[in-house]
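Have a look at the structure below before the remarks.
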Amino acid sequence: MKRLMLKIFLFKEYLSKHMQCYFCQRNINEINFKEIEILKRFLSPSAKIRPRKKTGLCSFHQRKIAKAIKRAQNLGFLPFTR
């Protein structure tokens with residue numbers, strides 16, 4: 001049990017050091033809801049917004065991307081489901 005916990009801890013530590021936010025890396029502050037290709041990266045195949053652990057975004061940009069995706073879905077740029 002301790003060995004498994006140690007492996008999980010080391011893996012989480014590895015991910016936290018090596019996985020950075022897509023928008024922070026590129027110094028992108030504003031997320032435009034019209035840029036559909038960028039928004040599609042953060043959608044699952046069933047058109048759901050992927051969680052922060054899967055996308056690797058910081059909390060600030062995860063909230064912004066969620067708002068932009070919802071806005072694009074309401075305006076018809078993105079589908080609600082696939």
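The values are calculated or read from the model by the stated rules, or taken from the named source; none is laboratory data. All values reported here derive from a predicted model rather than from experimental measurement. Note that each Cβ is placed from the backbone with ideal geometry, even for glycine, and that neighbours are counted across all protein chains shown.
The set of residues in segment 32-82 that are within 21 Å of Met19 (Cβ to Cβ), among the aliphatic types (A, V, I, L, M) and not in a helix (DSSP H, G or I) comprises Leu43, Ile49, Leu57.
Suppose we filter Phe11, Phe23 for residues that are in a helix (DSSP H, G or I), closer than 16 Å to Ile69 by Cα and either at pLDDT below 95 or out of contact with any helix residue (DSSP H, G or I) (no Cβ under 7 Å at 6 or more places or on another chain) (or both); which single one remains? Lay out the reasoning, then the answer.
Numbers: Phe11 fails: closer than 16 Å to Ile69 by Cα.
Result of the check over Phe11, Phe23: Phe23.
In this structure, Phe80 does not qualify as among the aromatic types (Phe, Trp, Tyr) and either at pLDDT below 90 or surrounded by 14 or more Cβ atoms within 10 Å (Cβ to Cβ) (or both).
Within segment 44-70, residues that are farther than 19 Å from Arg26 by Cα reach partners that are in a helix (DSSP H, G or I) with beta carbons closer than 7 Å, at six or more positions or on different chains, in the pairs Ile49/Ala66; Ile49/Ile69; Ile69/Leu39. If you check Ser59, Ser16, Ser46, which single one turns out to be within 17 Å of the chain's Cα centre (by Cα), polar (S, T, N, Q), surrounded by fewer than 17 Cβ atoms within 10 Å (Cβ to Cβ) and at pLDDT below 90? Result: Ser16 is the single residue among Ser59, Ser16, Ser46 that is within 17 Å of the chain's Cα centre (by Cα), polar (S, T, N, Q), surrounded by fewer than 17 Cβ atoms within 10 Å (Cβ to Cβ) and at pLDDT below 90.
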